[in-house]
1. When Tyr148, Tyr368 are ordered from fewest to most other Cβ atoms inside 10 Å of their Cβ, what list results?
2. R0 = 30 Å: FRET efficiency of Ala330 with Tyr12, Cβ-based, nearest 0.05?
3. For helix 191-204, what angle does its Cα long axis make with the longest principal axis of the chain, in degrees from 0 to 90 and rounded to 10?
4. For the stretch 163-232 and the stretch 371-446, write down the distance between their C-alpha centroids in whole Å.
5. 7 Å from Cα along Cα→Cβ at both Ala391 and Ala101: what's the point-to-point distance in nm?
6. Please work out the FRET efficiency for the pair Ala426 and Ala224, using the Cβ-Cβ distance as r and a Förster radius of 30 Å; give the result to the nearest 0.05.
7. Would you look at the GNM of the chain, springs on alpha carbons closer than 10 Å, and say which of Gly197, Gly299, Gly106 moves the most?
8. Amide H to amide H under 5 Å from Val170: which residues, 5+ apart in sequence or cross-chain, H placed 1.01 Å off N in plane?
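Readers should treat all values here as calculations from the given coordinates under stated rules, not as data from a laboratory. Values in this document were obtained by computation on a predicted structure and should not be read as measured data. Note that each Cβ is placed from the backbone with ideal geometry, even for glycine, and that neighbours are counted across all protein chains shown.
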Amino acid sequence: MRKIRIGSGAGYSGDRIEPALELALQGEIAYLGFECLAERTVALAQQARRADPEAGYDPLLRARMEAVLAPCHARGIRIITNMGAANPTGAAAEIARIARAQGLNGLRIAAITGDDVLEVIRQGDFPLLERPGKAADLGESLISANAYLGAGPIVAALAQGADIVVTGRVADPALFMAPLIHEFGWGFDDPMLLGCGTVVGHLLECAGQITGGYFADPGFKDVADLARLGFPLAEVAEDGSAVITKVAGSGGAVSLASCKEQLLYELHDPARYYQPDVVADFSAVTLRADGADRVAVSGGRGTKRTGTLKVSLGYHDSFVGEGQISYAGAGALARARLGGEIVRERLRLTGVATSELRIEVIGADALYRGPGAAHPAEPSEARLRVIGRTASMAEAVRIGNEVETLYTNGPAGGGGASKSARDVLAVVSTLIGESAVTPRVAMIEA
């Protein structure tokens, strides 16, 4: 059977760049995907574009493209990425500028838009999924509304000869499933093959997680050479079966255990994994070792798509103020806790209103709290952390300021204080009919 090789060049916005270049140079791949857009990331990108209409795409887009454009162009590797975030058109224009600067002529760059459905959401009646209420209840705090597009517009761009496809919000597996549909001629009315493609995309979407990143646990799951972690690639056959592997000699490992963990990542119901193009079923997926750093995957299936798309809503929720300070030596834990009580009382005395307030000592009770929590022996160092949610930036700033004053107004030996205040962008979801969303493909040439 015919096979193609697809590499995963990033699993989140701030991911390493060198493994993607390694895939381009040594992976013998036909496609390189960059999955860089989390739910909150797109809301932040929309906020950035509000401040600057030319902004709104991934901040590492330039660095990534400067690294991989030339080697991909030389080897005929096509790039697919959601680094367009809130501004795919601007991202495509930036890629074109980089290509021209590198003397790469004739590149066709597709920008896919249509996922921004903010005005549709504002004018409609859309219940929230994670909590009671409707999208309209968010009022003016609503910043963004982006629907998860499927593989369709990416496939259309590839059919038009795009060398690089830049999207906004699409379903993560769609970045990797689209080239399979394009190359093998899979139909969008074939849920079994689309289910297989979703399995492959899901395994690749988080890049280094399947090669040992976020997997390693010394003494239990040892992974070699994580500082040189290689990112995965998939050898995919026309029937949807695949082998997950990585560049020979790169760090990390592809194992049955790492693939099983990634297969279950973010799954609520493995038998019904809702995607824009298919309801995928992972319950019959089988994995088997196929040599060193090679795992064969088969058994994906699916049923007809629902006709609705998930929409990620970003909204301004509140403000958060934070302060930290360290204590060391005998009695460090007691001094840190005394500092926390001082800040608590100071916030009360000065009238700082918090809807949530958390006071903890990192390493002692930051994660494990309450009755039955096992606390370690007296530590030789302790770091106090105070964080609170407020209705205004001014009040958020005062939280960190009170922690900082512990230098001279609190227990002995405090040092290394830090403080911050920020507005909080939160995310909730709703559903929209796919007929209300119109994806568009715009092509430019470098």
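1. So the residues, fewest neighbours to most, are Tyr368, Tyr148.
2. 0.10
3. On a 0 to 90 degree scale, this one is about 50.
4. First find each Cα centre; the distance between them is then 30 Å.
5. 4.7 nm
6. The formula returns an efficiency of 0.15 here.
7. Gly106
8. So Val170 has HN proximity to Leu149.
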